[in-house]
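Structure record follows, encoded as structure tokens.
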Amino acid sequence: MSRPSSPPAMQFPGGPLELATLTPVANGQDRLVYDHPAYPALLFKAPKPLYAALNQSADAPVRLSLSDLGNFRRFMLKLAPQTLWHPFFKESDCYLLARLRGVETHDLPIPNLYGFCDSDIGPVLAVERITRPGERLGRTLKSIAAEGPLCADMIALLDQFADRMFRHGIVAGDMTAANIVLGQRGDGLQFVLIDGFGDIHAIAFRSASARLNRIAMIRSFRKMAGRIGLQFDPARLRFSRAS
């Protein structure tokens with residue numbers, strides 16, 4: 001097996017980052033994303049504080065209740081707060097498996113992950129920033145599609161993205177147009193899945209079976225296509241405008 005190419009050289013934090021006084025550039029259900037002026041090629045992902053992930057005040061007690069039994073995510077956060085780190089582990093596994101299979105950094109349909117570093121809010125994961133020149137954050141496929149029908153060039157870039165997802169066997173548990181971002185890599189533009197990759201299920205059927213993962217990926221692409229005015233051909237693995 002050929003040795004995977006190394007990521008492009010970039011400045012990486014050599015000491016603890018100061019993030020506590022910065023406003024996150026993205027705020028997800030369980031995670032916050034920061035940028036830092038000293039590291040323009042990187043973004044830094046951090047889990048939310050437990051109280052914020054539970055959508056309650058910082059001084060409210062964290063207690064299990066009968067109502068939590070109907071919400072598995074909330075139940076697990078209260079029972080085992082370390083599950084806030086679950087997506088980090090799954091994304092890291094997904095990235096490492098792809099790189100160890102020899103996938104080149106520029107051909108990944110997911111961001112390159114550069115490892116954990118320390119900060120004044122705790123450990124954070126340094127990831128590749130996917131943007132076009134002059135942008136602070138890359139535009140999502142959802143926001144691009146909201147402006148009107150996607151042009152042929154955008155559809156071609158989506159086809160390339162789908163090809164990389166299937167060709168490299170990437171597992172994506174939450175692939176939506178809001179998680180796919182357009183950015184510059186090398187001399188060209190690419191769509192990249194910046195969040196929701198990795199096998200998040202308790203029993204990792206999709207990681208164990210390429211066939212099951214392919215079926216699930218086709219279902220995800222067809223569902224996503226319908227929401228942005230496209231259709232997805234499961235035989236050709238290609239997008240086209242909805243008829």
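Would you please name the residue that is farthest from Arg211 (Cα to Cα), looking only at residues in the range 170-189 that are in contact (Cβ under 8 Å) with a residue 60 or more places away in the chain and over 12 Å from the mean Cα position of the chain (by Cα)? Out of the qualifying residues, it is Gly186. When Ala52 is tested against (1) surrounded by fewer than 18 Cβ atoms within 10 Å (Cβ to Cβ); (2) outside any helix (DSSP H, G or I); (3) within 24 Å of the chain's Cα centre (by Cα), just one condition goes unmet, and that condition is (2). Among the residues of the range 55-86, the ones that are of a type in the set (S, T, N, Q) and either closer than 22 Å to Gly196 by Cα or part of a helix (DSSP H, G or I) (or both) come to 5 in all. Please verify whether the range 123-131 includes one or more residues that are farther than 30 Å from Ser243 by Cα and in a helix (DSSP H, G or I). Within the range 123-131, none of the residues are farther than 30 Å from Ser243 by Cα and in a helix (DSSP H, G or I).
Residues checked against (1) over 14 Å from the mean Cα position of the chain (by Cα); (2) more than 18 Å from Leu42 (Cβ to Cβ):
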{"site": "Ala98", "(1), (2)": "yes, yes"}
{"site": "Val103", "(1), (2)": "yes, yes"}
{"site": "His106", "(1), (2)": "yes, no"}
{"site": "Leu113", "(1), (2)": "no, no"}
{"site": "Ile130", "(1), (2)": "no, no"}
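Residues in the range 161-182 that are at pLDDT 85 or above and more than 19 Å from Val103 (Cα to Cα): Met175, Thr176, Ala177, Ala178, Asn179, Ile180, Val181, Leu182.
The values are calculated or read from the model by the stated rules, or taken from the named source; none is laboratory data. Only a predicted model underlies this, so the values are computations on that prediction, with no experimental measurement involved. All Cβ positions, glycine included, derive from the backbone under ideal geometry; neighbour counts span all protein chains shown.
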